[in-house]
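Comments concern the structure below.
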Amino acid sequence: MKTAYPTILTPTTKGYLVYVPDLEINTEGDTLEEALDMAADAIGLMGITLQDAGKGIPHPASELPACADGDMTTFVLVDFDAYRRANDMRTVRKNVTIPNYLNELAEKAAINFSQVLQDGLRQKLGVQ
């Protein structure tokens, strides 16, 4: 599910500084487009880091914050589930039990057990 976080963009001599008040994080980019991409990345990273620590992700404000003259405000969309799928590539070891005949057939066919399990889980869970 996508969530929109309000941000404040401050022009600098080298691009833009971005502040996300609801998460109290900063990032930057050389161009407006890069700054917005970096903001989405920073929000996504903060969100999954908080989840992994067993904490909730703060809900975003529904209105844009006040800003200083020359600054800009906008919402940045982030899908935390999609961000995790795209960026959390840690692996975990799982032991599985299968019938011996399947094991022998798969080994003869040089089947990658880990890949088959990943593909099957993605299909079963409807995850890309």
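The values are calculated or read from the model by the stated rules, or taken from the named source; none is laboratory data. Computed from a predicted structure; not experimentally measured. In this analysis, Cβ positions are derived from the backbone assuming ideal geometry, glycine residues included, and neighbour counts consider all displayed protein chains.
Candidates are the residues of the range 66-107 that are free of Cβ contacts under 8 Å to residues at least 60 places away in the same chain and surrounded by 13 or more Cβ atoms within 10 Å (Cβ to Cβ); the one that is nearest to Asp41 (Cα to Cα) is Tyr83.
Can Asp30 be described as more than 16 Å from Tyr19 (Cβ to Cβ), at pLDDT below 95 and either surrounded by 11 or more Cβ atoms within 10 Å (Cβ to Cβ) or within 12 Å of the chain's Cα centre (by Cα) (or both)? No: the conditions fail for Asp30. Going by the structure shown, is Tyr5 surrounded by 15 or more Cβ atoms within 10 Å (Cβ to Cβ), in contact (Cβ under 8 Å) with a residue 24 or more places away in the chain and assigned to a strand (DSSP E or B)? For Tyr5, the condition - surrounded by 15 or more Cβ atoms within 10 Å (Cβ to Cβ), in contact (Cβ under 8 Å) with a residue 24 or more places away in the chain and assigned to a strand (DSSP E or B) - is met. Close contacts from the range 15-34, counting a first residue that is aromatic (Phe, Trp, Tyr) and a second that is surrounded by fewer than 17 Cβ atoms within 10 Å (Cβ to Cβ) and in a helix (DSSP H, G or I), with Cβ to Cβ under 7 Å and a gap of 6+ residues or different chains, come to Tyr16/Leu32. Among the residues of the range 40-61, those that are more than 11 Å from Thr3 (Cβ to Cβ) and either assigned to a loop (DSSP other than H, G, I, E, B) or of a type in the set (Asp, Glu) (or both) comprise Asp41, Asp52, Ala53, Gly54, Lys55, Gly56, Ala61. For Leu23, all conditions in the list (1) part of a strand (DSSP E or B); (2) touching a Phe, Trp or Tyr at 6+ places or on another chain (Cβ under 8 Å); (3) not β-branched (Val, Ile, Thr) hold save one; what is the number of the exception? Of (1) part of a strand (DSSP E or B); (2) touching a Phe, Trp or Tyr at 6+ places or on another chain (Cβ under 8 Å); (3) not β-branched (Val, Ile, Thr), only one is false for Leu23: (1). Quick check on Lys14: is it closer than 22 Å to Asp88 by Cα and out of contact with any Phe, Trp or Tyr (no Cβ under 7 Å at 6 or more places or on another chain)? Taking the combined requirement at face value, the residue does not satisfy it. Checked against the criterion of being farther than 28 Å from Asp119 by Cβ and at pLDDT below 95, the candidates Ala39, Ala82, Ala66 yield just one match: Ala66. Scanning the range 80-128 for residues that are part of a loop (DSSP other than H, G, I, E, B) and under 27 Å from the mean Cα position of the chain (by Cα) yields a total of 10.
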